[in-house]
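Engineer: Mind having a look at this structure? Questions to follow.
The values are calculated or read from the model by the stated rules, or taken from the named source; none is laboratory data. As the structure is a prediction and not an experimental result, all values here were calculated from the model. Glycine gets a Cβ as well: all are built from the backbone with ideal geometry, and neighbour counts include every protein chain shown.
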Amino acid sequence: MKKISIGYNKTQEQRDKINVKAKSLILSKAITLCESHVPIKNLDSFKASFSKYVVNAITENFQLKEANLEKIIELTNIPYKQIKTIERNYKAIHIDTMQPDYNIYAKNENEIKLFEELQLLCEQLNKYKAMPSFHVITALNNRIRIEEGRFIPNHYYIQNTCK
């Protein structure tokens, strides 16, 4: 079976972009907060655990070996709970490090056949500049949809019809 794209998942793409931006903002907030207490020399190590990095940097600065966390917080007055909260929020956002493929592919021959038929219909509607209209879509039972002012096959319909 040939691999054929029947749609594009713009929603997931936008969600991923928002997550990247949110994670970046949380990281910059953490850096700002923590740099007021310790210098951040290794960003990768800091990203792994903000709180651990700060505590380790402080114990290293004071040349302590097995220091009590409560005593370190008390003596240095670091906002440990706030750092932990920011760290939890940062780690809660999962980002795929690989370049994701947002294309939606046909899973079987029936989906490919239906997609090709709907593609022909959409080409004709677009060729004659049929007014993008709710009525056309409704008359076709949502087999097609409008994207950027053009009719395209509705991949949701294709996937749900050809299970």
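Engineer: If you take the residues of region 1-54 that are among the basic types (Lys, Arg), assigned to a loop (DSSP other than H, G, I, E, B) and more than 23 Å from MET98 (Cα to Cα), which of them is modelled with the lowest pLDDT?
Structural biologist: LYS2
Engineer: Name the helices (runs of 4 or more DSSP H) wholly inside region 90-163 in which the number of residues that are in contact with a strand residue (DSSP E or B) (Cβ under 6 Å, 6 or more places away or on another chain), in contact (Cβ under 8 Å) with a residue 12 or more places away in the chain and surrounded by 14 or more Cβ atoms within 10 Å (Cβ to Cβ) is 2 or more. Break it down into steps so the answer makes sense when it comes.
Structural biologist: Values: elements: 109-127, 134-139, 155-161.
Output list reads 109-127, 155-161.
Engineer: Could you check, for region 109-116, whether at least one of its residues is among the aliphatic types (A, V, I, L, M), in the same structural domain as ALA22 (by TED's automatic domain parsing) and either under 17 Å from ALA30 (Cβ atoms) or within 34 Å of the chain's Cα centre (by Cα) (or both)? Let's see the steps before the verdict.
Structural biologist: Of region 109-116, the ones among the aliphatic types (A, V, I, L, M) are 112, 114.
Adding the requirement that they be in the same structural domain as ALA22 (by TED's automatic domain parsing) leaves none.
No, region 109-116 contains no residue that is among the aliphatic types (A, V, I, L, M), in the same structural domain as ALA22 (by TED's automatic domain parsing) and either under 17 Å from ALA30 (Cβ atoms) or within 34 Å of the chain's Cα centre (by Cα) (or both).
Engineer: Does GLU70 count as under 30 Å from TYR157 (Cβ atoms) and charged (D, E, K, R)? Lay out the reasoning, then the answer.
Structural biologist: Working: under 30 Å from TYR157 (Cβ atoms): no; charged (D, E, K, R): yes.
So GLU70 fails the test.
Engineer: Among the residues of region 68-87, write down those that are more than 21 Å from SER24 (Cβ to Cβ) and either assigned to a helix (DSSP H, G or I) or free of Cβ contacts under 8 Å to residues at least 12 places away in the same chain (or both).
Structural biologist: Within region 68-87, ASN68, LEU69, GLU70, LYS71, ILE72, ILE73, GLU74, LEU75, THR76, ASN77, TYR80, LYS81 qualify.
Engineer: Going through ASP44, ASP16, ASP101 one at a time, which residue ends up being over 30 Å from ARG150 (Cβ atoms), outside the structural domain of ILE152 (by TED's automatic domain parsing) and not polar (S, T, N, Q)?
Structural biologist: So the residue among ASP44, ASP16, ASP101 that is over 30 Å from ARG150 (Cβ atoms), outside the structural domain of ILE152 (by TED's automatic domain parsing) and not polar (S, T, N, Q) is ASP44.
Engineer: With the condition kept exactly as written, say whether any residue in region 125-133 is farther than 18 Å from TYR105 by Cα, in contact with an Asp or Glu (Cβ under 9 Å, 6 or more places away or on another chain) and not acidic (Asp, Glu).
Structural biologist: no
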